[in-house]
Amino acid sequence: MAFFFQILSVLGLVGAGFLARRRGWLSARGTNDLAQLAIQLVYPALVFVSITSLSLGELRANLALPLLAMAIALTGFGLGLLAVRFLGRVPPETARAFLFHCLINNYSFLPLPLVLFRYGDQGVGLLVFSSVGFELLLWTLGVMLFSRAERKRDRLKSLFSPPLLALLAGLAVVTVRDLPPWPAPPPVLSLAAGTIRAALQSFGAATIAIAMLVAGSRFAMLRFETMLGWRVWLVSAIRLLAVPLVMIPLLRLVPLGESARGILFIIAVMPSAMVSVLFSERYGGDTDFIAGGLLLTHLWAVVTVPLFLAWAL
C-alpha cells in the first residue's frame, strides 16, 4: 500500500511538468537546460552527500551490496541484449534507449520510502551504498549507450562526468575521514563542514523535482501511439517481470543479512529510472521511446511491485 501511494505521488508531481509544458511555461529548450543543470550540478551534490553519510565500517561490512546491485542491472542488460535482436529494423537511438531501460531502473528514489518504512535509517544507508553499483554502470555503460561522441577519446572523456567524479570524491572523503585516527577537529571547522554539507544536501534534493519536471514535459509531447508500440511493452515486460523473476530466486541463494537481502529485492522490482529522461535530453537519444517506457513501467509498477514484494519479502 505504501508503494501504491508513492507511485501516485510521483505521477502527480510529474503532472506539474506536464502542465508546465502544455501551458507554455516550459519550452523544449528549457526542458533541455533543466536536464543539463541536473546532470552537471544538482545530481552530483546528491551523490556526494549520500555517499559521505556512510562510515567506512558500513562500507566494508556490506561490500556485496553494490556488486549485487550491479548484478541486477547487468541481468536486465543481458535480457535486453537477447531481446534487442527481435526489435526489427529500428534506428540505433531506439535500440540504445531500449537497452538503457533494461540496464537502469529506479534504484534510489522509489525504493527509499519502502526501505525507510521496513528497515529504518540503517536500511536507508545500505540502500545508498548499494546504489554505488548502479552509479558506476550508469556513468560508464549508460553514458556509452547515449553518448553521441564518435571518437574513442571523446567517449572516454564523457565517462568522467560530474556525478561519477562526485561519487569517487565521496568515497575518497569517507576513506580519509574514517581510516586514520584523526584528532577531534576545531569547533569552527566542524561547523563549517556541517554548513557546507547541509547546503549540498538541500541543493542535491532538487534532483528528483527537476527529473520529474523534465519527465512531465516530455510526457506532454509524447505521441499516444508511442506507448502502444509493442517494443515499449516488451521493454516494460523485461523491466517489471523478467528481471524480478530471475533475480529474486538468485538472491535467495546468496548469504546475506535479512535487511540487505530485502533491500535488493526492493531494488530488483523497480520500474525504469527517471534519470533516463535526463540522459536522453543531455546526451541525445530516442526521447519518445524513453518517455513512453518510463511512463508505462511506472503505471504497471502499481500492480507488479506489490505482487513481487509479497512473494519475496
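The values are calculated or read from the model by the stated rules, or taken from the named source; none is laboratory data. None of these values were measured; they are calculated from a predicted model. Heads up, the Cβs are rebuilt from the backbone with ideal geometry, glycines too, and the neighbour counts pull from every protein chain shown. The protein model used for the area step is the full one, side chains on, heavy atoms only, and it has no ligands, DNA or RNA in it. Shrake-Rupley method; radii C 1.70, N 1.55, O 1.52, S 1.80 Å.
Side notes on the structure shown:
- Alpha-carbon Rg with Dmax, taken over region 53-147, Å: 15.5, 50
- Taking the alpha carbon gyration tensor of region 17-64, multiplying each eigenvalue by 5 and rooting it gives semi-axes of 37, 11, 8 Å, largest first.
- Loop trypsin sites (Lys or Arg not before Pro), region 210-313, which have at most 13 other Cβ atoms in a 10 Å radius of their Cβ (DSSP): 223
- Relative contact order, percent, the chain [alpha-carbon distance under 8 Å, six or more residues apart]: 35 percent
- Residue with peak Gaussian network fluctuation, the chain [Cα springs, cutoff 10 Å], from 143, 173, 188: 188
- Placing unit charges on each Cβ (+1 for Lys and Arg, -1 for Asp and Glu) gives the chain a dipole about its Cα centre, and among 13, 296, 99 the Cα reaching farthest toward its positive end belongs to 99.
- Ratio Rg/Rh, restricted to region 94-145 and using Cα atoms, in which Rh is the Kirkwood radius: 1.09
- Using R0 = 25 Å, the C-beta based FRET efficiency linking residue 5 and residue 313 works out to 0.90.
- Every pair of different Cα atoms in region 238-309 enters the Kirkwood calculation, which places the hydrodynamic radius at 13.4 Å.
- Using only alpha-carbon positions in region 172-233, the gyration tensor eigenvalues give semi-axes of 47, 16, 5 Å once each is multiplied by 5 and square-rooted (largest first).
- Surface exposure of region 163-313, expressed per residue as accessible area with a 1.4 Å probe, stands at 44 Å².
- For the pair residue 87 and residue 169 in one chain, pulling the backbone fully straight at 0.36 nm per residue adds 25.5 nm over the alpha carbon distance.
- Counted by Cβ distance under 15 Å from residue 26, the other residues give a net charge of +3, where Lys and Arg count +1 and Asp and Glu count -1.
- Taking only the Cα atoms of region 166-313, the radius of gyration and Dmax are 20.5, 63 Å.
- Per-peptide average of other Cβ atoms within 10 Å, ordering 57-66, 104-113 highest first: 104-113, 57-66
- Alpha-carbon gyration tensor eigenvalues x 5, square-rooted, for region 3-104, Å: 29, 26, 15
- Mean projected area (nm²) of the alpha-carbon convex hull when region 197-264 is viewed from all directions: 7.6 nm²
- Given in Å, the Rg to one decimal and the Dmax to the nearest whole number for the Cα atoms of the chain are 19.3, 64.
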